[in-house]
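Here the structure comes first, spelled out in structure tokens, and everything after it is commentary.
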Amino acid sequence: MSDHTWSAPETEVVQRIRERIDAEGSDVLATVVGVEGNAYRRPGAKMLIDGSGVGVGSITAGCLEDELLAAAAAVRESGRPELVTYDLTNDDETDVWGLGVGCNGVIEVLLEPLDETYRPAVEAFAAGTDIAVLTALEGGDGIERGDRAYYRPSEKRLGAPDGTDAEAWPDDALSEPAADLAKRGRAGTLSAERGGESESEGDALEFFVDGIAAPSELLVFGTGHDVGPVAELGERNGFRVTVVGFRGAIDLRSRFPAAHRTVTTSPGSIGTDLEIDERTYAVVMTHNFVDDRLTVEALLDSPAPYVGLMGPNERFEEMREAFDAEDKTLEESDLARLYTPIGLDLGGASPYRIAHSIVAEVLAVENGRTPAHLAERDGHIHDRVDVTEHGRD
């Protein structure tokens, strides 16, 4: 595995899964389904391993790569899903899992042959719609390990991969947590009985509920060369980046190849040419005062939770004076989501360092975090997901 394939963002991993479903091969999908203690990745992290042992994505920091390849080969040979547990808590150097990997946790990984039953997940992701993938970890009552169902928020029900009703599945117990996880893009394990009754010892089915939320969109307004690093880092961090230009003479596609798409419009047409919702984050860096002002105005009329504006405080004060002159006073709610000067104070001044500070700020807002050193954070680095009172994560 190369550094590039190991560090591939989720958008790239899901795209690769989508491509490999249609390819002739014997790929194995590895998914973290449970973590106890500390681990590099949380439940829902995925890695796709093809028949030649090439993987895309990461579920550890690299410490279990050889073991995962061997486990994938066994799954490929048997054609059946396997649930494998790696205990990384033992510091005894004689222990095969205790060779200084530093995770200090127990990781549970589901390995399964990639097949058509996963297609609804990747198609929903490509279409920009939320979905929850439910996979049986321990079966019974007509459900076997590896069997799969889906929860589509638009349908508000569990369905089989082919779209029919998932009749054997405990809809009442699973639908509500699946809807929540689909919206949040989080994952966890849930125990339930058919019919939605509470868990009883020795008679429970266990399901992994993987919420796959549509990727957030990052709009970058501008066509200068400093837009390139922002688009590149935005894509690498899992955003679907759209570069928006206001001058049709520039070939945006060739100038910004890292972007998911490019759009040429005008500040007055932003509301009609772009779909902006609560998962849309906007960076304004046209370096043109009038274009910036009109763009900020349009964005503040939208539900976008983050509007970042390039430029010093003095430039923004000049912009506020222009708004005031037009009787367009910025409300406190507007100022709360307007970030200017844009970016976190990381001390860098080169194009990529500036881009890092911008994308880092967007990530902090998206994840509801106040930027700080992890050394100052109490508790776990990654938030834990409480699926239900009977679930674990």
Exercise for the section: Scan region 200-240 for residues that are under 23 Å from ASN367 (Cβ atoms) and not hydrophobic (A, V, I, L, M, F, W, C) and report the count. Expected result: 13
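Among the residues of region 337-382 satisfying the criterion of being of a type in the set (Val, Ile, Thr) and assigned to a loop (DSSP other than H, G, I, E, B), which is nearest to GLY228 (Cα to Cα)?
Kept after step one, since they are of a type in the set (Val, Ile, Thr), are these residues of region 337-382: 340, 342, 354, 358-359, 362, 365, 370, 381.
When the remaining residues are screened for being assigned to a loop (DSSP other than H, G, I, E, B), the result is 340, 342, 370, 381.
On the way: THR340: 20, ILE342: 16, THR370: 26, ILE381: 30 Å.
Among those that are of a type in the set (Val, Ile, Thr) and assigned to a loop (DSSP other than H, G, I, E, B), it is ILE342.
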Handout entry: Qualifying positions in region 237-253 - more than 14 Å from GLY224 (Cβ to Cβ) and not in a loop (DSSP other than H, G, I, E, B)
Key = ARG240, VAL241, THR242, ARG253
Problem - Filter result for GLU176 (outside the structural domain of ALA30 (by TED's automatic domain parsing), modelled with pLDDT under 95, out of contact with any strand residue (DSSP E or B) (no Cβ under 6 Å at 6 or more places or on another chain) and assigned to a helix (DSSP H, G or I)) - result: yes
Practice task
Take THR89 and decide whether it is at pLDDT below 90 and either more than 25 Å from ALA204 (Cβ to Cβ) or touching a helix residue (DSSP H, G or I) at 6+ places or on another chain (Cβ under 7 Å) (or both).
Solution key: yes
Handout entry: Where TYR281 falls short, out of the listed (1) of a type in the set (Phe, Trp, Tyr); (2) assigned to a helix (DSSP H, G or I); (3) under 30 Å from GLU12 (Cα atoms)
Key = (2)
Fill in the blank from the handout: Only one of (1) surrounded by 21 or more Cβ atoms within 10 Å (Cβ to Cβ); (2) under 17 Å from the mean Cα position of the chain (by Cα); (3) under 17 Å from GLY211 (Cα atoms) does not apply to VAL56, and that is (3)
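Within the bounds of region 254-269, is there any residue that is in a helix (DSSP H, G or I) and closer than 21 Å to GLU235 by Cβ? Break it down stepwise before answering.
Let us first name the residues in region 254-269 that are in a helix (DSSP H, G or I), namely 254-255, 267-269.
From what is left, the residues that are closer than 21 Å to GLU235 by Cβ are 254-255.
Checked region 254-269: at least one residue is in a helix (DSSP H, G or I) and closer than 21 Å to GLU235 by Cβ.
Among the listed residues VAL307, VAL296, which satisfies the condition of being within 16 Å of THR242 (Cβ to Cβ) and either touching a Leu at 6+ places or on another chain (Cβ under 7 Å) or modelled with pLDDT of 95 or more (or both)?
Working: VAL296 fails: within 16 Å of THR242 (Cβ to Cβ).
Unique residue meeting the criteria: VAL307.
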Exercise for the section: For THR272, state whether it is surrounded by fewer than 17 Cβ atoms within 10 Å (Cβ to Cβ), assigned to a loop (DSSP other than H, G, I, E, B) and either touching a Ser or Thr at 6+ places or on another chain (Cβ under 6 Å) or polar (S, T, N, Q) (or both). Expected result: no
Practice task
Could you give me the residue pairs with C-beta distances under 6 Å whose first residue belongs to region 256-275 and is under 10 Å from GLY245 (Cβ atoms), whose second residue is among the acidic types (Asp, Glu) wherever it lies, and which are 6+ apart or on separate chains?
Solution key: THR265/ASP273
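The values are calculated or read from the model by the stated rules, or taken from the named source; none is laboratory data. From a predicted model like this one, the values you see are computed outputs, not experimental measurements. Every residue, glycine as well, gets a Cβ built from its backbone with ideal geometry; the counts of neighbours run over all protein chains shown.
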